[in-house]
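Data block below; observations after.
The values are calculated or read from the model by the stated rules, or taken from the named source; none is laboratory data. Treat the numbers as computed from the prediction; the structure is a model and nothing was measured. No Cβ is skipped: glycine too gets one built from the backbone with ideal geometry, and neighbour counts run over all protein chains shown. The protein model used for the area step is the full one, side chains on, heavy atoms only, and it has no ligands, DNA or RNA in it. Shrake-Rupley method; radii C 1.70, N 1.55, O 1.52, S 1.80 Å.
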Amino acid sequence: MTKNLITINQFITKSLGEWKSIRSTHTLAFQEFENSISKILIKDIKVKNREVVELLEKNNLSSKSSIIAISISWQATSDWEENQKNEKDQTILLFLPSDKNTGIVLRNKGYTESLITSSEYLIDQNNNLHLKTIYNSTVSEERICFLSNHIRSRYSVIRDQENNSVIQTSHTSEIRNLSTLKD
């Protein structure tokens, strides 16, 4: 029996909306962990958006009809310090498909290191989205999967690029805010 693979377009469409995120991050070298709660908003944006055009220009690319552009913004509260810190930010992601299930993702800023990044992506036979990003000193690998239509799970590992040692792991559960869905 062959299972139908979800395409990157379908995965992204399924991801759009507002999510509540509960994340546990483990920094192995220092034997520390951090818990955070976030509100995440994932929305599609037009390829003609100014930030999208700038990101394409910085990478010497032109807008193609196959490019998928999304904006991800978040507001997080972390227990990292005694005074819980609040952070918010936004990033633009451009998915440049090679085919229905693989391609490149460009970001206007990376998660692990704050610089323009390029990731490889793959949707596997279980419809999990895998992202691999090589930064200056680290490599980030992430897997995102849907446990149901309104629950996502993300797993990530950050490794040192020089010796491949695991620096950090994290697990995130994301629950869609159903009250924000349009009829």
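One line per residue, one yes/no per condition, for (1) open to solvent by 80 Å² or more (accessible area, probe 1.4 Å); (2) closer than 17 Å to residue 16 by Cβ; (3) at pLDDT below 95; (4) part of a strand (DSSP E or B):
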| position | (1), (2), (3), (4) |
| --- | --- |
| 144 | no, yes, no, yes |
| 152 | no, yes, no, yes |
| 156 | no, no, no, yes |
| 169 | no, no, no, yes |
| 174 | no, yes, no, yes |
| 183 | yes, yes, yes, no |
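Looking at 21, 65, which is the one that is farther than 22 Å from residue 136 by Cβ, assigned to a loop (DSSP other than H, G, I, E, B) and not β-branched (Val, Ile, Thr)? Testing whether each residue is farther than 22 Å from residue 136 by Cβ, assigned to a loop (DSSP other than H, G, I, E, B) and not β-branched (Val, Ile, Thr) leaves just 65. The one condition from (1) in a helix (DSSP H, G or I); (2) at pLDDT 95 or above that residue 179 does not meet is (2). In this structure, residue 12 qualifies as touching a residue at least 24 places away in the same chain (Cβ under 8 Å) and among the β-branched types (Val, Ile, Thr).
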